[in-house]
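The values are calculated or read from the model by the stated rules, or taken from the named source; none is laboratory data. Not measured: the values here are computed from a predicted model. Backbone-built Cβ (ideal geometry, glycine too); neighbour counts: all protein chains shown.
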Amino acid sequence: MSNEARIDYVPHVGASRQYWRDLVLGINDGLVSMILLIAGVVGGGLDTATVLITGVAGAIAGAVSMGTGEYLATKSQEEVLTSELQLEATHIEHFRNLEVAQLYSMIRDVGVAEEDLPSVVKAFSRDDRVLLNAMKVLEFGVVDSERRSPFKAMFVSSGLFLAGSVPSVVPFLFTSSPTRGLIWAAALAAVALFVVGVIKTFVTHTNPTVAGLENLLIAGLGGTAAFFVGRLVSSAL
């Protein structure tokens, strides 16, 4: 019987992989930016009603801004890639030898043995469509299944920004004390940040405690700084 440890097959993340950036960015940005905003205005001496209005306005503005930014950035990136691939198709049509030579070099860089290179390049360059697909992956790093929809990126990031804003805003619905509201907001945001850090490790397979504390530390330092900046601004005014 073999003494080797049994390794279970772990499936890949799949179709959601390309949107994890938007998932993490959206929820983290909502949690961090809103607790910073709330800490800043409470530190500035604003009353509960004003803090609540500021929080709601900030959550909506942040979600719209993030969604719009993700849509435009993702759409622009897709347009750049589409343009580059159209140009690559033109290069293959009119400068095929140069493209095949470039393919030869890139396949060598992958680590294919020198004696295997001619047959591999010949297989990939036999047909213009196959050559274009090979160049798409090797030169531009474009895999169709990994390309992101601008609309999905927009809705994921903006929706999760709003969700991340909730812990910092909700406490001010149930208390008349800005300080008590901030304490509850900080506690809820801290728990949420730690949980988000842990959940992220289901995909990254890193240490959940370290990831959770990392999220918590970054937001904690920022929130503390925002509170005292608010105090300083209030005192200066």
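Annotations for the structure displayed:
- Phe227 assigned to a helix (DSSP H, G or I), at pLDDT below 80 and surrounded by fewer than 14 Cβ atoms within 10 Å (Cβ to Cβ): no
- Condition met for Asp8 (touching a helix residue (DSSP H, G or I) at 6+ places or on another chain (Cβ under 9 Å), of a type in the set (D, E, K, R) and either modelled with pLDDT of 85 or more or not in a helix (DSSP H, G or I) (or both)): no
- Scanning the range 127-141 for residues that are more than 27 Å from the chain's Cα centre (by Cα), among the acidic types (Asp, Glu) and either surrounded by 13 or more Cβ atoms within 10 Å (Cβ to Cβ) or not in a loop (DSSP other than H, G, I, E, B) (or both) gives a single hit, Asp128.
- Of all residues in the range 195-209 being surrounded by 15 or more Cβ atoms within 10 Å (Cβ to Cβ) and in contact (Cβ under 8 Å) with a residue 24 or more places away in the chain, the one that is farthest from Phe161 (Cα to Cα): Lys200
- Condition check for Ala39 on (1) at pLDDT below 90; (2) farther than 20 Å from Val229 by Cβ; (3) aliphatic (A, V, I, L, M): one failure, at (2).
- Condition met for Leu103 (buried (at least 17 other Cβ atoms within 10 Å of the Cβ), over 28 Å from Leu213 (Cα atoms) and touching a residue at least 60 places away in the same chain (Cβ under 8 Å)): no
- So Phe202, is it at pLDDT 80 or above and of a type outside the set (Val, Ile, Thr): no
- Residue within the range 181-194 that is surrounded by fewer than 18 Cβ atoms within 10 Å (Cβ to Cβ), over 18 Å from Ala163 (Cβ atoms) and at pLDDT below 75 present: no
- Taking the numbered list (1) more than 23 Å from the chain's Cα centre (by Cα); (2) more than 30 Å from Phe174 (Cβ to Cβ); (3) not hydrophobic (A, V, I, L, M, F, W, C) in turn, Glu70 passes all entries but (1).
- Candidates in the range 142-159 are the residues that are of a type in the set (D, E, K, R) and not in a loop (DSSP other than H, G, I, E, B); of these, the one that is surrounded by the most Cβ atoms within 10 Å (Cβ to Cβ) is Lys152.
- For the range 143-178, filtered to residues that are of a type in the set (Val, Ile, Thr) and under 20 Å from Ala63 (Cα atoms), the residue that is farthest from the chain's Cα centre (by Cα) is Val170.
- Tallying residues that are more than 16 Å from Gly43 (Cβ to Cβ), touching a residue at least 24 places away in the same chain (Cβ under 8 Å) and not hydroxyl-bearing (Ser, Thr, Tyr) within the range 167-184 yields 3.
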